[in-house]
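**Q** Following this message is one structure expressed as structure tokens.
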Amino acid sequence: MNVTIAEIKAVCRNQPAVRLILHELNARFVGEDHQTDTYFNVPVGRLKLREGLIENTLIYYRRPDEDAPKISDVNLFTALDLNQIKPLLITALGVKVAVVKQREIYFVNNIKIHLDRVAELGEFVEIEAIDKDGMRSQAELLAQCRTMMARLNVLPADLVDCSYSDMLLNKRAK
């Protein structure tokens, strides 16, 4: 499935306060998932295999690395036999890095919000305004993302310009 997403990632200094706001917004709580994202070596974009209790997906995406709402073109494949696909990907591409996290998943209409606790990195919030059917423009998705940032009190100074994989690789390189 191909989707377009306007998204941000930010350091979250007060997850309980964000949870309270999500409750006030009547966000639908999907659940808490323990996830491992295994990133593979690819020449362009990012390819990761997400393994969790709620989400098990092969994800390929391209997006600019900038600390502002940005558009991502995402390809998702969910009909997976993890026991077959993971060894194949490891053999064919090699593992770049694995990111382990606890993720709370919420939805407000087409907007997905993650509260993440990422091993070795800390606590974050992610906002994804998602268009699965081509009915929303990129401008609308970006506006939804900015509106949700304001509602959740996400400050520009807290925005992160790269993926967890990049953050983890940079931290380990120091």
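The values are calculated or read from the model by the stated rules, or taken from the named source; none is laboratory data. Source: prediction; values computed, not measured. All Cβ positions, even for glycine, are placed from backbone atoms using ideal geometry, and neighbour counts span all protein chains on display.
**Q** Taking the range 92-124 as the region of interest, how many residues are closer than 18 Å to residue 49 by Cβ, more than 13 Å from the chain's Cα centre (by Cα) and hydrophobic (A, V, I, L, M, F, W, C)?
**A** Result for the range 92-124: 6.
**Q** I need every pair where a residue in the range 138-153 that is over 17 Å from residue 3 (Cβ atoms) has its Cβ under 7 Å from the Cβ of a residue that is part of a helix (DSSP H, G or I) and among the small types (Gly, Ala, Ser), sequence separation at least 6 or different chains.
**A** Note: no pairs meet the criteria.
**Q** Does residue 14 satisfy the criteria of being modelled with pLDDT under 95 and among the polar types (S, T, N, Q)?
**A** Spelling it out, it is not the case that residue 14 is modelled with pLDDT under 95 and among the polar types (S, T, N, Q).
**Q** Sticking with this one: Has the range 78-97 got any residue that is out of contact with any Asp or Glu (no Cβ under 6 Å at 6 or more places or on another chain), closer than 21 Å to residue 7 by Cα, part of a strand (DSSP E or B) and touching a residue at least 40 places away in the same chain (Cβ under 8 Å)?
**A** Scanning the range 78-97, I find no residue that is out of contact with any Asp or Glu (no Cβ under 6 Å at 6 or more places or on another chain), closer than 21 Å to residue 7 by Cα, part of a strand (DSSP E or B) and touching a residue at least 40 places away in the same chain (Cβ under 8 Å), so the answer is no.
**Q** Residue by residue through the range 5-43, note down the ones that are more than 17 Å from the chain's Cα centre (by Cα) and either part of a strand (DSSP E or B) or on the phi > 0 side of the Ramachandran plot (or both).
**A** Across the range 5-43, the qualifying residues are 26, 28.
**Q** Residues in the range 78-97 that are within 30 Å of residue 149 (Cα to Cα) and surrounded by 13 or more Cβ atoms within 10 Å (Cβ to Cβ): how many?
**A** Of the range 78-97, the ones within 30 Å of residue 149 (Cα to Cα) are 78, 97.
Keeping just the survivors that are surrounded by 13 or more Cβ atoms within 10 Å (Cβ to Cβ) gives 97.
Of the residues in that region, 1 qualify.
Listed here are the residues, each with its yes/no results for (1) of a type in the set (Gly, Ala, Ser); (2) under 18 Å from residue 36 (Cα atoms); (3) in a strand (DSSP E or B).
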residue	(1), (2), (3)
133	no, no, no
150	yes, no, no
154	no, no, no
161	no, no, no
165	yes, yes, no
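**Q** Same structure again: Across the range 20-49, which residue is farthest from residue 86 (Cα to Cα) among those that are touching a residue at least 60 places away in the same chain (Cβ under 8 Å) and among the polar types (S, T, N, Q)? Before the answer, list the steps.
**A** Taking the range 20-49 and keeping what is touching a residue at least 60 places away in the same chain (Cβ under 8 Å), we get 21-22, 25-39, 46, 48.
From what's left, among the polar types (S, T, N, Q): 26, 35-36, 38.
Details: 26: 37, 35: 15, 36: 12, 38: 9 Å.
The residue in question is 26.
**Q** Counting just the residues of the range 108-129 that are outside any loop (DSSP other than H, G, I, E, B) and of a type in the set (Gly, Ala, Ser), which one comes out surrounded by the most Cβ atoms within 10 Å (Cβ to Cβ)?
**A** The initial filter retains those residues of the range 108-129 that are outside any loop (DSSP other than H, G, I, E, B), namely 108, 111-118, 122-129.
Subsequent filtering for residues that are of a type in the set (Gly, Ala, Ser) retains 122, 129.
On the way: 122: 12, 129: 27.
Out of the qualifying residues, it is 129.
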